[in-house]
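Note sheet for the following structure.
The values are calculated or read from the model by the stated rules, or taken from the named source; none is laboratory data. Predicted model only: the values in this text are computed from it and were never measured. Because the Cβ atoms are built from the backbone with ideal geometry, glycine has one as well, and the counts that use them run over all protein chains shown.
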Amino acid sequence: MYQLPFLNRPDCEGRNLGGFLFAVAGDHLLFSQLDSDIRWESHDNTSQPEMDSGAIPRKIKTGAKPMNIAYMESQRRMIVSALEAKEKSPRDGYRVLFSTLSLLKMNDEKSIHDLEIKQEDDNAPPEGLLLAQYQLEHAERVHCAIEWPFVDHQDKKRSLLIVGTSIQVGPFKFKGRRLIFSTGKNRSKLQLQKDSHYDNPVYSIALWSNNTIAMVVGKTLSLECFDSQAGRYVRAFSNFAALA
């Protein structure tokens, strides 16, 4: 995902892409200016379809500062990681950063043809869409979260969630975790299946194949294969590439 810097005026060709947000999802390139009244600066006077210039159709309150989101397409669920600072009141007082991972339900009973802009009631608690929540370590930051659909050695289809994080353990010293979750039979839980610890932050995770993932841990890119019969990952390439 990448956002262009804002421009105060059109470029030499009469266009202004400032503020546009670009994202790659599968084999699609998506872009949006995230505005309900986009002014298209171009020599082409053709009006844009109304659906291409609408606001985001839903506002969801998370109760804390969202840091990372991921959409689980096959389950129609959204994963939101959030940080929230809470004050403690001992004799001298201090502040703690609470880190959470939330599973939100994105589908409802309304027709997909209903183009009404929906907004949650400002006074309604977020529990209306909140299915499950998992408490991470204090101040733990989520760098990546991906859905992992795969077929095991018994030809059973499964869909899990893989999360990469970092935790500060000292001055300029960070460690990381790779967490694997299951959402349960009803897709309404966050059940931790595997917790792997690393000496560096887990910055990025991507699917390579049905049972192989690519990971960036610290400055190292590696491939790991999952042995579903043994229930563990096996390093396919050690120090596959070093990142500068």
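Counting only strands (runs of 3 or more DSSP E) that sit completely within segment 168-237, those holding 3 or more residues that are over 22 Å from residue 80 (Cα atoms) correspond to 220-227. For residue 159, the test of being in a strand (DSSP E or B), assigned by TED's automatic domain parsing to the domain that holds residue 83 and either out of contact with any strand residue (DSSP E or B) (no Cβ under 7 Å at 6 or more places or on another chain) or at pLDDT below 95 (or both) is passed.
Scanning segment 186-225 for residues that are more than 17 Å from residue 148 (Cβ to Cβ) and surrounded by fewer than 17 Cβ atoms within 10 Å (Cβ to Cβ) turns up 186, 188, 197, 199, 200, 219, 220.
For residue 139, indicate whether it is among the aliphatic types (A, V, I, L, M), more than 23 Å from residue 229 (Cβ to Cβ) and assigned to a loop (DSSP other than H, G, I, E, B). Yes; evaluated as a whole, the condition is true for this residue. If you go through segment 156-166 and keep only what is crowded, with 17+ Cβ neighbours inside 10 Å and either in contact (Cβ under 8 Å) with a residue 40 or more places away in the chain or closer than 14 Å to residue 137 by Cβ (or both), you end up with 161, 162, 163, 164, 165, 166. Checked against (1) exposed (fewer than 15 other Cβ atoms within 10 Å of the Cβ); (2) more than 21 Å from residue 98 (Cα to Cα), residue 169 passes all but a single condition, namely (2).
Looking at this structure, is residue 224 touching a Lys or Arg at 6+ places or on another chain (Cβ under 6 Å) and acidic (Asp, Glu)? So residue 224 fits the description; yes.
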